[in-house]
Amino acid sequence: MQREQLADFLRRRREAIRPADVGIPDGPRRRTAGLRREEVARLAGMSVDYVVRLEQGRSSQPSTQLLAALARALRLSEDERDHLFRLAGHQPPTAVGAASLARAGLVRLLDLLGDNPAMVLSDLGEVLAQNRASTLLAGDHTGFTGLRRFLVYRWFTEPGTRQVQPDHDVEQHARQMVADLRAAAGRRPDDPVVADLVARLEAASPDFRRLWAEHEVAVRRADRKTFLHPRVGPVLMDCETLVTPDQGQLMVVLTPADAESRERLQLLMVLGSEDFTVRG
């Protein structure tokens, strides 16, 4: 671990980012170049004290999970992300491991979408990055580990996950998730991660076993979904999916499907995120 070089790199990358690039208002009283440490901490989901110690060269060795979160928060390119890992004493992610980190270009696109909810997912349904609007609408899905990091696993093993949608949409959404997982499994026949995920789901959920046995295949494309939000009520959203050329990552962009949903989404953006988090 190259503490001094790591500290210098983190400071310089923080100071190089404009607040507007990550959805933070650039007010007239701002004196700090780039982002404040507390803003980086919030974006990365870690304590301000740890960010301070990293920038002062006094921290313990950060884990690969923390480095991935910092790379997202600081909008690092793939080369910069690999450099960050090396400075911290870790090998950069392999091609497989890199798939669990949202591509830098997609993260920048999230920022540009502003008040339109959007998220980046792996082809197995792991949420790799979200913009603020997506977090406000659907909760923060980026902090899960193990099998719980996959949306499909939580959907079939944690009933509370399904409460965000009306009862009459649950079966259809379950079918879509299983069909999409089946398509991913077909593209990755020898991947132990896929095999383990399917085996765990079959062992844990009769509903998954039933749908998996039907062998439906469908890559997610356009869709319409209702979100039952506890603060503003039902929000009907059109979902458009953009897939990377290698089909390893995808971006889901949500837009209001009617005027009422547009008004509720605008209200949600004003209300902010207090008291609404994904629990599990």
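Every number in this text was worked out from the coordinates using simple rules, so none of it is lab data. Remember, it's a predicted structure, so these values are computed and weren't measured experimentally. Don't worry about glycine lacking a Cβ; one is built from the backbone with ideal geometry, like all the others, and counts go over all protein chains shown.
How do the peptides 143-152, 127-136 rank, highest first, by the average count of neighbouring beta carbon atoms within 10 Å per residue?
Details: 143-152: 16.3, 127-136: 22.1.
Peptide ranking by packing, descending: 127-136, 143-152.
The 3J(HN,Hα) values that the Karplus relation (6.51, -1.76, 1.60; θ = phi - 60°) gives for the range 121-137 are, in residue order, 10, 6, 6, 9, x, 8, 6, 9, 6, 9, 8, 4, 4, 5, 5, 5, 6 Hz. Gly and Pro appear as x. Please check: in the Gaussian network model of the chain (C-alpha springs, under 10 Å), which one of D21, D140, D49 has the largest mean-square fluctuation. Largest GNM mean-square fluctuation: D49.
Karplus-based coupling profile of the range 3-13, in residue order and whole Hz: 4, 5, 5, 4, 4, 5, 4, 5, 4, 5, 5, with θ = phi - 60° in 6.51 cos²θ - 1.76 cosθ + 1.60 and x standing for Gly or Pro.
Here the chain is assigned +1 on the Cβ of each Lys and Arg and -1 on the Cβ of each Asp and Glu. Its dipole about the Cα centre then comes out at about 880 debye. Here the range 140-280 is treated with +1 on each Lys and Arg Cβ and -1 on each Asp and Glu Cβ, and its dipole about the Cα centre works out to around 200 debye.
Across the range 48-57, computed HN-Hα scalar couplings (Karplus, 6.51 cos²θ - 1.76 cosθ + 1.60, θ = phi - 60°) run 4, 4, 5, 4, 4, 5, 4, 6, 9, x Hz from first to last residue, x flagging Gly and Pro. Which of E171, E15, E55 ends up with the largest GNM mean-square fluctuation for the chain, with Cα atoms connected below 10 Å? So, out of E171, E15, E55, the one fluctuating most is E171. Summing charges over neighbours of L124, with a neighbour being any other residue whose Cβ is under 10 Å away from its Cβ, gives -2 when K and R count +1 and D and E count -1. Taking other C-beta atoms within 10 Å as the exposure proxy, D180, D196 rank D196, D180 from fewest upward. Classify the chain from the C-alpha gyration tensor, please: rounded if a/c falls under 1.5, else prolate or oblate depending on whether a/b exceeds b/c. Oblate is the answer for the chain, as a/c is 1.5 or above yet b/c matches or exceeds a/b. The charge dipole of the range 3-93, taken about the Cα centre with unit charges on the Cβ atoms of Lys, Arg (+1) and Asp, Glu (-1), comes to about 320 debye, rounded to the nearest 20.
Remark: D167, D238 ranked as D167, D238, counting other beta-carbon atoms within 10 Å and listing the fewest first. Neighbour counts of other Cβ atoms within 10 Å put M251, M177, M269 in the fewest-to-most order M269, M177, M251.
Among A44, A33, A184, which one shows the biggest mean-square fluctuation in a GNM of the chain, springs joining Cα atoms closer than 10 Å? Comparing A44, A33, A184 in a Gaussian network model of the chain, the most mobile one is A33.
Placing unit charges on each Cβ (+1 for Lys and Arg, -1 for Asp and Glu) gives the range 3-93 a dipole about its Cα centre, and among L6, A20, Q65 the Cα reaching farthest toward its positive end belongs to A20.
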